[in-house]
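Q: This structure is in structure tokens; I'll ask about it shortly.
The values are calculated or read from the model by the stated rules, or taken from the named source; none is laboratory data. No experiment lies behind these values; they were computed from the predicted model shown. So basically every Cβ, Gly included, is an ideal-geometry build from the backbone, and we count neighbours across all protein chains shown. Protein only, heavy atoms only, side chains kept; ligands, DNA and RNA dropped before computing areas. Shrake-Rupley method; radii C 1.70, N 1.55, O 1.52, S 1.80 Å.
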Amino acid sequence: ICGAGAAPPVDAMAMLGMGGAAPAPPPAAPGSFPPFQAWNKNGLQIEFACTKDASNPSVTAIEASFTSAQPTPLTGFNFQVAVPKYMKLQMSPASSSTVPPSNSGKVTQTFKVANSMHGQKPVLLRIKIDYSAGGQAVSEQGQVDNFPPGI
């Protein structure tokens, strides 16, 4: 009766962290979503990291991270967001008005959106970005509509 009901073999090497399969990455915190690229133009990249309010799923906190591949700093940096009528917006100031050059650092800005039509209409943002690069004024506008499912 040897082997009847026996437990499956144990990989002792894997248990000790020696060989075996790589450990799974830690799961994202509840209510958080993997960061995604919201904008990439003229060397300016914007990444959004979103988290849901645990007590109110219609509210999303967004941290925008701004990096620049340009060889000179982006000065006078100003990021603005507009939302449709079914949403509300609350913005905090950016961490700096200068985005460092050559991807050598980042500026962050947080904002919250409340979607009164959560589950019926998606989060949709119109963005406006103003800055100077090498003495040249730049003004860009666009739309961010590639939020992960569940936002």
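Q: How many percent of the accessible area of the stretch 59-151 is carbon or sulfur, using a 1.4 Å probe?
A: Carbon plus sulfur share of accessible area: 51 percent.
Q: Then there's this: Tell me which chymotrypsin sites (Phe, Trp or Tyr not before Pro) from the stretch 65-128 have a DSSP coil assignment and no more than 15 other beta carbons within 10 Å of their own.
A: Filter output for the stretch 65-128: TYR86.
Q: Any lysines with Cα under 19 Å of the LYS88 Cα? List them, leaving off those in the same chain fewer than 8 positions away.
A: Partners found: LYS52, LYS112, LYS121, LYS128.
Q: Write down the accessible area per residue of the stretch 68-148 in Å², having rolled a 1.4 Å probe over the full set of protein chains.
A: Per-residue value: 55 Å².
Q: LYS88 versus ALA49, label points 7 Å from Cα toward the beta carbon: distance in nm?
A: 2.6
Q: What length, rounded to one decimal in nm, is gained on full extension from SER132 through to ASN146, with 0.36 nm per residue of separation minus their alpha-carbon distance?
A: Working: separation 14, 0.36 × 14 = 5.04 nm, distance 2.69 nm.
Extra length available between SER132 and ASN146 comes to 2.3 nm.
Q: Could you give the nm distance between label points at SER116 and SER32, where each point is 7 Å from its Cα heading toward the beta carbon?
A: Taking the simple label geometry, SER116 and SER32 are separated by 3.2 nm.
Q: Given a 1.4 Å probe and the protein chains all in place, what does the accessible area of LYS128 round to, in Å² to the nearest 10?
A: In the full protein context, LYS128 sits at about 60 Å².
Q: Moving on to the next point. When all protein chains stay in place, what accessible area (Å², nearest 10, 1.4 Å probe) is found for LEU124?
A: 50
Q: Give me the net charge of PHE66's neighbourhood, meaning all other residues with Cβ under 13 Å from the Cβ of PHE66; Lys, Arg count +1, Asp, Glu -1.
A: -2
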